[in-house]
Amino acid sequence: MDQREKELLEKYKETNPELRTLWEEHVLYSSQVEKLEAKSFRTPTEEQTLKQLKKQKLEVKTNMMGILDKLKKSES
């Protein structure tokens with residue numbers, strides 16, 4: 001995420017409920033991924049959970065970036 005996208009996120013996340021929800025989900029998934037990645041040993045179930053969390057995080061970020069792209073175009 002570049003600086004312009006971060007600025008747009010800060011500017012619009014309070015007035016755009018979808019953007020705010022996506023951001024909150026992204027932060028939550030990031031935290032969960034970090035916790036699992038910090039473990040020196042993961043069970044097969046934890047590995048599967050980590051893989052799923054990374055997919056969900058990417059999906060949320062893709063949706064969030066789509067909204068930010070529209071906002072960038074509308075401000076241009």
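The values are calculated or read from the model by the stated rules, or taken from the named source; none is laboratory data. This structure is a prediction, so every number in the text was calculated from the model and none was measured. As a convention, Cβ positions derive from the backbone with ideal geometry for all residues, glycine included, and neighbour counts pool all protein chains shown.
Computed values, structure above
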quantity: Listing of helices (runs of 4 or more DSSP H) fully contained in the chain that carry 2 or more residues being of a type outside the set (Asp, Glu), at pLDDT 95 or above and in contact with a Lys or Arg (Cβ under 8 Å, 6 or more places away or on another chain); calculated: 17-38
quantity: Pairs with Cβ under 9 Å, 6+ apart, first in segment 48-76 and surrounded by fewer than 12 Cβ atoms within 10 Å (Cβ to Cβ), second assigned to a helix (DSSP H, G or I); calculated: GLU75/LEU8
quantity: Unmet requirement for TRP23, which otherwise passes all of (1) in contact with a Phe, Trp or Tyr (Cβ under 7 Å, 6 or more places away or on another chain); (2) in contact (Cβ under 8 Å) with a residue 24 or more places away in the chain; calculated: (1)
quantity: In segment 33-43, the residues that are surrounded by 15 or more Cβ atoms within 10 Å (Cβ to Cβ) and either closer than 10 Å to LYS57 by Cα or of a type in the set (Ser, Thr, Tyr) (or both); calculated: VAL33
